[in-house]
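Shown next, in structure tokens, is the structure this report addresses.
The values are calculated or read from the model by the stated rules, or taken from the named source; none is laboratory data. All of these numbers come straight from a predicted model, not from anything done at the bench. Methodologically, a virtual Cβ is constructed for each residue, glycine included, from the backbone with ideal geometry; neighbour enumeration extends over all protein chains shown.
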Amino acid sequence: MNSEPQHSARQQNAKTVRWMFLIVAGMFGFGFAMVPLYDLLCSVTGLNGSTTGRIQDTSLYASKVDLNRTITVEFDSTNNAELPWEFYPMVKKMQVHPGEINEVSFFAKNNADKAIVAQAIPGITPWQATSHFKKTECFCFTQQTLQAGESREMKLKFIIDTDLPEDFNTITLSYTLMDTDRTKLKKVKSIPQLNSSL
């Protein structure tokens, strides 16, 4: 006599489980693709002050150094959650003249008991200064591999354009260090099938 309501309840439960599985799978896929999509969006739009461009020819700047103007460049660093590295700028800030080539180093040490590959994601504030911050050499251009316990000083060479608007006197360059190991993402656990006896 109760077979119809039980059958309807089983169908509703199965439908709910399927929807939950699709939602979990979608969230996993989005999480897996989030970092490369974010990088692509930032590199195309300049959103969040992302700057990954490189300049090869510095000869254009040699004769354009503006010694009458000084810009304060601040350096900042952040590790992604659970990345067992020390990572920080060896100089917190420096005074630079627009048009001159400047060099600074960041220190990185892998405190894990295994090799880790990481990628530094840059950001500039204020974002309006992004297009005026030119890099000639940067550890952020490539992934960085450190063996267990290994440490390294990583160089950054940059130039501030002389056409940086006059109202910008301070620029902050931030790096977030990300672990590139995708296997650490939690795998979606298969949802057990409903018991047919329900």
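Screening residue 143 on (1) in contact with a helix residue (DSSP H, G or I) (Cβ under 9 Å, 6 or more places away or on another chain); (2) modelled with pLDDT of 90 or more shows it passes everything except condition (1). Within segment 134-185, the set of residues being over 23 Å from residue 83 (Cβ atoms) and in a loop (DSSP other than H, G, I, E, B) comprises 161, 162, 163, 164, 165, 166, 167, 168, 169.
Taken as a whole, the condition of being of a type in the set (Asp, Glu) and either modelled with pLDDT of 95 or more or under 16 Å from the mean Cα position of the chain (by Cα) (or both) does not apply to residue 100. Of all positions in segment 122-136, none carries a residue that is free of Cβ contacts under 8 Å to residues at least 40 places away in the same chain and of a type in the set (A, V, I, L, M, F, W, C). Figure legend. Inter-residue proximity from segment 173-189: first residues within 24 Å of residue 130 (Cβ to Cβ), second residues in a loop (DSSP other than H, G, I, E, B) and modelled with pLDDT under 55, beta-carbon distance below 6 Å, spacing 6+ or different chains. No pairs are indicated.
In this entry, residue 154 is excluded by the filter for residues that are under 30 Å from residue 20 (Cβ atoms) and either assigned by TED's automatic domain parsing to the domain that holds residue 18 or among the hydrophobic types (A, V, I, L, M, F, W, C) (or both). Considering only residues in segment 164-194 that are farther than 20 Å from residue 28 by Cβ and of a type in the set (Val, Ile, Thr), the one that is modelled with the lowest pLDDT turns out to be 176. Scanning segment 1-45 for residues that are at pLDDT 70 or above and polar (S, T, N, Q) gives 6, 8, 11, 12, 13, 16.
Residues in segment 103-120 that are outside any loop (DSSP other than H, G, I, E, B) and touching a Leu at 6+ places or on another chain (Cβ under 9 Å): 12 in all. Just checking, does segment 82-102 include any residue being in a strand (DSSP E or B) and touching a His at 6+ places or on another chain (Cβ under 9 Å)? No, there is no match, as no residue in segment 82-102 is in a strand (DSSP E or B) and touching a His at 6+ places or on another chain (Cβ under 9 Å). Scoring residue 123 on the criteria (1) surrounded by fewer than 20 Cβ atoms within 10 Å (Cβ to Cβ); (2) out of contact with any Gly (no Cβ under 8 Å at 6 or more places or on another chain) leaves a single failure, condition (2).
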